[in-house]
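Working notes, structure below.
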Amino acid sequence: MTSGHVLPRSLVVLVLSFVLTGCAVSTGQWFDSQRHNKQTFFNRFFFDAEKRKAPDSGEVTVEKGDTYYSIAQTYDVAMSDLVSENANVSAYDLKEGQKIRLPQSRAYTVQKGDTLYSIARRYEVNVTKLAAHNNLSSPYTLSVGQEIYFPQGISGDKTKLASADPTGTRVVTRPTAIRDRPPKSAGRFRSPVNGQVISRFGPKSGGLHNDGVNIKAPLGTPVKASENGIVIYAGNELQGYGNLILIRHEGGWVSAYAHNHEFKVKPGDKVKQGQEIASVGQTGNVTEPQLHFELRRNAKAVDPSQFL
């Protein structure tokens, strides 16, 4: 969003109340309010390279000290889904060596012309439940290539889903953890898009903070990878960011590209500096087309202008 107007005091109070609870809000500018939350969305992408990988069998062995919570965090699955998948195993009675199944979800790949309402209607799923399961907020903006996950129980009728659209659904583990190492660095980060910087890194009025920069550009403008790397996330589960791409780079770096219109890459893709990865959009908490760009090192946001 553009800056320049003054918020009424009552609105500032409302904004702060949302921020302090870790919610993203529309304030007249774009801010990363997640910085107030210890368990930030970004932290899960900065992991030990030796961290356990989800086995192809979808079944994991409980290790000493494991809990449902720690297992859900390790394998990036919803704890509620993990508990439902293992209803016969008490959460208070996990034993070392025990086998636990990771939850599986049905996923639908968004096609041109799809809306959340049309997908919900096609598969006879409650649109409110579908939105909540995918962390989507009104107006439920979708992007071609985005994956929509069906809640467990609702998505159990595989025959119905397959017959409705045999090419649009597949079984996946949600989300896929990308643990491959990124390609060798090109040496320096570059700006992902040309345009006017409308919000810079740092503190803002009302105690808010921008953990990146916002660059205004026409809708559909190509967004390019800032450095060589590997795509580790492409989705919209982080409220306020809209369609978000994360790319891991050498040296503990991750670059973030938010508010995209359309994804051009998927998790696991290795990209080169300057490669088109998305197009500028207006998703999330913004009212005009723009790109929100962040650089993070070991999960901590840094001022991109110091490294470009």
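The values are calculated or read from the model by the stated rules, or taken from the named source; none is laboratory data. Keep in mind it's a predicted model, so treat the numbers as computed, not measured. Cβ coordinates were reconstructed from backbone atoms using ideal geometry, including for glycine residues, and neighbour counts include every protein chain displayed. The accessibility values were calculated without ligands, DNA or RNA, using every heavy atom of the protein model including side chains. Shrake-Rupley method; radii C 1.70, N 1.55, O 1.52, S 1.80 Å.
Taken over segment 269-285, the criterion of being out of contact with any Asp or Glu (no Cβ under 7 Å at 6 or more places or on another chain), assigned to a loop (DSSP other than H, G, I, E, B) and within 22 Å of I230 (Cβ to Cβ) is satisfied by D269, K272, G274, Q275. Filtering segment 182-197 for residues that are more than 22 Å from the chain's Cα centre (by Cα), surrounded by 16 or more Cβ atoms within 10 Å (Cβ to Cβ) and modelled with pLDDT under 85 leaves an empty set.
Counting only strands (runs of 3 or more DSSP E) that sit completely within segment 198-263, those holding 2 or more residues that are in contact with a Gly (Cβ under 6 Å, 6 or more places away or on another chain) correspond to 213-216, 243-249, 253-263.
A single member of V286, V271 is crowded, with 16+ Cβ neighbours inside 10 Å, over 19 Å from G145 (Cβ atoms) and hydrophobic (A, V, I, L, M, F, W, C), and it is V286.
Rundown of residues vs (1) at pLDDT 90 or above; (2) farther than 18 Å from S199 by Cβ, yes/no style:
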{"position": "I232", "(1), (2)": "no, yes"}
{"position": "G242", "(1), (2)": "no, no"}
{"position": "E262", "(1), (2)": "yes, yes"}
{"position": "T283", "(1), (2)": "yes, no"}
{"position": "E294", "(1), (2)": "yes, no"}
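Taking the listed residues S138, S143, the one that is under 18 Å from G281 (Cα atoms), surrounded by 17 or more Cβ atoms within 10 Å (Cβ to Cβ) and not basic (K, R) is S143, with no other qualifying.
Annotation: of all residues in segment 222-247 being surrounded by fewer than 24 Cβ atoms within 10 Å (Cβ to Cβ) and charged (D, E, K, R), the one that is nearest to K184 (Cα to Cα) is K224. Taken across segment 96-107, residues that are farther than 23 Å from E59 by Cβ, open to solvent by 20 Å² or more (accessible area, probe 1.4 Å) and either modelled with pLDDT under 75 or of a type outside the set (G, A, S) (or both) do not occur at all.
If the condition is being modelled with pLDDT of 80 or more and part of a loop (DSSP other than H, G, I, E, B), then segment 67-95 contributes T67, N86, A87, N88, V89, L94, K95.
When segment 125-151 is filtered for residues that are assigned to a loop (DSSP other than H, G, I, E, B), touching a helix residue (DSSP H, G or I) at 6+ places or on another chain (Cβ under 8 Å) and more than 14 Å from G242 (Cβ to Cβ), the ones remaining, listed by number, are V125, N126, P151.
To keep it simple, each residue is scored yes or no on (1) touching a residue at least 60 places away in the same chain (Cβ under 8 Å); (2) of a type outside the set (G, A, S).
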position	(1), (2)
G220	yes, no
N243	yes, yes
A256	yes, no
V271	no, yes
L291	yes, yes
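If we scan segment 125-146, do we find a residue that is more than 16 Å from the chain's Cα centre (by Cα) and closer than 21 Å to N260 by Cα? Let's see the steps before the verdict.
Residues of segment 125-146 that are more than 16 Å from the chain's Cα centre (by Cα), as a first pass: 125-130, 138-139.
If we keep only those that are closer than 21 Å to N260 by Cα as well, we get 138-139.
Among the residues of segment 125-146, at least one is more than 16 Å from the chain's Cα centre (by Cα) and closer than 21 Å to N260 by Cα, which makes the answer yes.
Among the conditions (1) modelled with pLDDT of 95 or more; (2) within 24 Å of L136 (Cα to Cα); (3) in contact with a Ser or Thr (Cβ under 6 Å, 6 or more places away or on another chain), the only one that Y257 does not satisfy is (3).
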